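Below: one structure, written as C-alpha cells.
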Amino acid sequence: MSVEAEVYGIESDERETLLSWLEKGLRDGRRGRLRAEYPVSLEEGAAECHRVVLEAGHPVAHAMWHVALMQADAVRVPIGMIGLVYTDPASRGRGLARACIEACLRDLAARGVPVAALWSDRHALYARLGFHPAGREKLYGVDGPICRRAQPEARRPIVAPARARDFPQLEALYAAKRIRVRRSPGALAALASAPDTAIVVAREGDEPLAYAALGRGDDFPGVVHEWAGDPRGVLACLEALCSEGGAVGWLGGPLDAEPGPALLRAGASVHPGAFGLVRLLDAGELWRSFAPSLSERVRFESVEGAVALAGGRGAVRLDMAEALSLLFDGRISARARRALTPSERDALREHLPLPLYVWGFDSI
C-alpha cells in the first residue's frame, strides 16, 4: 500500500535530532556513528541534502543526496549519490522512502546532475524507481601468499600505518588516478578516520609509494575499497592488510590495470560485478560530457523514464535498463543497432563503456 506523502527538507537546527533518529534505526543507537563514517556527505551545512516524511512532527522516513564530481581523465561529471534510506518499521509498506528518494532525484535533476547512483541488494524495489545494475567493478579475493607471489622479489617497500603527515602525499597519489572523485584538501584524512578503518602506506625511504584502505564503519568489512599509487606498493599494502585477517577482498575498480593482472597470475580469484544501481537523469548531458565529438552524430536524450537514441538510420526508444547497459557496459542491443550505421556502431565502441566509478570512501 502506498500513500500520498508530503516530503520536507530540514533546517540546520533540526539536523542533530534527525541524525540521532537515523543512528537509532541504522546503527543500533551508536551515537555519532554515522557522522564518523560519512564526514564529507554529513558535514556541517549539508542540511539541504536531507528529505524526510514527518508524522506528528517526528521523522518516519528519510533519504539524502550528495553530489560528487567524478573525474575520468579530462572529463568531469557530477554524480548524485543517494543513501541513508530508512523508514521506521511501523511505517513501512506505504511508499514513504520511495517518496523521499523521488524528492532527492528531483533535487539532483534541478541542479543539473545527469546520473544518480545508490547501493542496495533490493534490486526489484529500486527498479520501480528506474535504478538498475550498471557499471563495472571487480572484487579480487587475495591472501598473503598470493600478494607475495604477485610482487617482484627485489626491493619490496616497507609498509606501516598511515601517519598524519602522510596525507598530503597520499592525496597526490589519489589525484593521479585516472578515475576519481575531486576532493577538497584534507578530505582523505577525514574519510580515513572513520571507525573500523585501517589505512596503510608503502614507502621507499620516507617517500610514500602507495596506500590502501580496508573497511569503513559498517561498510566494506574485510574489503580494501580504496587504494592508489605504484602497483608494487599497492601489492605490499595488500599483503600487510592480509597479515592480520587472512584473506581480504580488493576492489580493483572498472579498469584492467595493474596490480590486477599480477594478482590473477598469482592465483587470486576475481568476481566481476556492477558498480551499483544507477538511474539516468539527463542522458544527453552525460553523453555530451564524455563524447562531445560524437554527440552530433549519435544522440541520447532522456524522455519520460526512458532514453531516446538517434543515429544515421533513425531513432529508437530504449528502456532504462537497456540504455544503462549500452552506456556503462558497452552492450549494443538489437534495438539500438537499428538506429545506427556501421560506422556509428564502430565509433560508439571506441567511447563505450563510459567509466562510472566512485571509490568506497566517497559512497553513502
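Rule-based calculations on the coordinates, nothing more; no lab input. Please read these numbers as outputs of a predicted model, since none were measured by experiment. As a convention, Cβ positions derive from the backbone with ideal geometry for all residues, glycine included, and neighbour counts pool all protein chains shown.
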Exercise for the section: Determine, for each peptide in 165-172, 82-89, the mean count of other beta carbons within 10 angstrom over its residues, then list the peptides with the highest first. Expected result: 82-89, 165-172
Completion exercise
Once Lys and Arg are counted +1 and Asp and Glu -1 for all other residues with Cβ under 12 Å from that of L264, the total becomes +1
Handout entry: Net charge of Cβ neighbours under 10 Å - reference A175; Lys, Arg +1; Asp, Glu -1
Key = +3
Completion exercise
Surrounding charge for R288, neighbours by C-beta under 13 angstrom, Lys/Arg +1, Asp/Glu -1, total -1
Practice task
Would you calculate the separation in nanometres between label points at D319 and R148, each defined as 7 Å from the Cα along the Cα-to-beta-carbon direction?
Solution key: 5.2
Practice task
Provide the FRET efficiency to the nearest 0.05 for the D256-D13 pair, computing r from the beta carbons and using R0 = 41 Å.
Solution key: 0.25
Practice task
Would you please state which residues of the range 51-83 a label at K24 would reach in this model, taking the label point 7 Å out along Cα→Cβ and a backbone N cut-off of under 12 Å?
Solution key: 58-60
Completion exercise
Quick calc, E204 & L125: beta-carbon distance into FRET formula, R0 45 Å, rounding 0.05, result 0.40
Practice task
Please give, to one decimal in nm, the separation of the simple spin-label points placed at R297 and R349, each 7 Å out from Cα toward the Cβ.
Solution key: 1.4
Practice task
Would you mind working out the magnitude of the charge dipole of the chain relative to its Cα centre, with +1 at each Lys and Arg C-beta and -1 at each Asp and Glu C-beta, to the nearest 20 Debye?
Solution key: 1020
Problem - FRET efficiency, A172 to R338 (Cβ-Cβ, R0 35 Å, nearest 0.05) - result: 0.15
Completion exercise
Which of (1) 19.4, 58; (2) 19.6, 63; (3) 21.6, 67 gives Rg and Dmax of the Cα atoms in Å as computed here? It is (3)
Handout entry: Separation between Cα centres of the range 246-316 and the range 83-138, rounded to whole Å
Key = 19
Handout entry: Ascending count of other beta-carbon atoms within 10 Å, so fewest first, for C104, C49
Key = C49, C104
Handout entry: Gain on full stretching of the segment that runs from A164 to A47 - 0.36 nm per residue minus C-alpha separation
Key = 39.2 nm
Fill in the blank from the handout: Extend 7 Å from the Cα of A110 along its Cα-to-C-beta direction; within the range 70-86, residues with backbone N under 13 Å of that point are none
Exercise for the section: For every helix of n ≥ 4 consecutive DSSP H residues, a contribution of -39,500 (n - 2.57) applies; sum these over the chain, divide by its total residues, and give [θ] at 222 nm rounded to the nearest 500 deg cm²/dmol. Expected result: -8500 deg cm²/dmol
Practice task
Could you rank the peptides 29-42, 335-348 by their average count of other C-beta atoms within 10 Å per residue, with the highest value first?
Solution key: 29-42, 335-348
Exercise for the section: Could you rank the peptides 213-225, 268-280 by their average count of other C-beta atoms within 10 Å per residue, with the highest value first? Expected result: 213-225, 268-280
Completion exercise
Two pseudo-spin positions, 7 Å from Cα along C-beta at A247 and at A310, lie apart in nanometres by 5.2
